[in-house]
């Protein structure tokens, strides 16, 4: 994953992370639907994320409210029904646009930081 | 003991999330509760350390609430000095005519503008504040100064004393209760606005 943003002493990196994390959530759901718990565990354990698991739930809620994710309840063999998330068509379009923009942006930033661009 | 630790965590989370719209709040609480149950489901009898570990990974309730407010575009709005000034000016602003003359009537107008720009009161409360008694105590003041105040005596053509009063007179039986109503209403309206003057939340996006 290219979501290499961490909660570090540099506060601006936290802001950068805030901006891209929604798209990371959407990208994880691009192929298949996912159970909220698994999604949160996976995302929080990725290298560089270093986010607490609890703060990811408001992001899921926001994406659902904006119609970028859809959710359905599925029976669970062990406990109460589970909420599964799925990328909506609107979310798929949004993610596609972001991916293009990000690749342009990350490429340019990479060249600048590498001292190539002048 | 482990149950208590979980309950204490959700008590704190519930308080921290009190700003959110009720439905968002209960959904978020339910989802995080489900997360904790799920995280502990693999343990037959979770120890205190297991529970603490799960809650630590979840993070501080205050951080979760902060994230939720930002992501869901909810902002706390606290009363500003203009709101407090408006509560004072609506009833009493008109009395500035005593000091400033006619220009003093602007006291109420400034209060009304402060009410209109306020982000704390609802539209309904604003309408009550502005329309229920425009001018505040200005009206009873004017009446009080007028009643029987401008009386002139002169000799009429027939040689008898004629007493004439300009303005508006009422018998005390009607006038005194009316005056009390006129004085109390602006104060009651101001008290009502004051009772509504507390922090509330606002949707920003």
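FYI, it's all coordinate maths here, none of it is from the lab. Remember, it's a predicted structure, so these values are computed and weren't measured experimentally. Cβ atoms come from the backbone with ideal geometry, glycine included; neighbour counts cover every protein chain shown.
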Two pseudo-spin positions, 7 Å from Cα along C-beta at residue B:76 and at residue A:89, lie apart in nanometres by 4.2
For chain A, longest principal axis from Cα atoms; helix A:56-65 axis from its Cα atoms; angle between them, nearest 10 degrees, is 80
Shielding by other protein chains, B:40-47, mean Cβ within 10 Å:
1
Taking neighbour counts of Cβ atoms within 10 Å as a proxy for exposure, in what order, fewest first, do B:109, A:25 appear?
B:109, A:25
For segment B:88-112 and segment A:89-103, what is the separation of their C-alpha centers, rounded to whole Å?
57
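Among B:121-131, A:84-94, what's the highest-first ranking by average C-beta atoms within 10 angstrom per residue? Walk me through the numbers on the way to the answer.
Working: B:121-131: 15.3, A:84-94: 17.2.
Result, highest mean Cβ count within 10 Å first: A:84-94, B:121-131.
Based on other C-beta atoms within 10 Å, arrange B:84, B:108 from fewest to most. Don't skip to the end; give the middle numbers.
On the way: B:84 13, B:108 26.
Ordered by Cβ neighbours within 10 Å, fewest first: B:84, B:108.
By the gyration tensor of its Cα atoms, with a ≥ b ≥ c the square roots of the eigenvalues, what is the shape of the protein assembly as shown: rounded for a/c under 1.5, prolate for a/b over b/c, or oblate?
Working: a/c = 4.00, a/b = 2.61, b/c = 1.53.
Prolate is the answer for the protein assembly as shown, as a/c is 1.5 or above and a/b outweighs b/c.
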On average, how many beta carbons from a partner chain sit within 10 Å of the beta carbon of a residue in B:66-73?
6
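Order by neighbour count: B:141, A:16, fewest other Cβ atoms within 10 Å first, most last.
So the ranking, lowest neighbour count to highest, is A:16, B:141.
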Using Cα centres only, tell me the gap between segment A:68-82 and segment B:1-58 in whole Å.
18
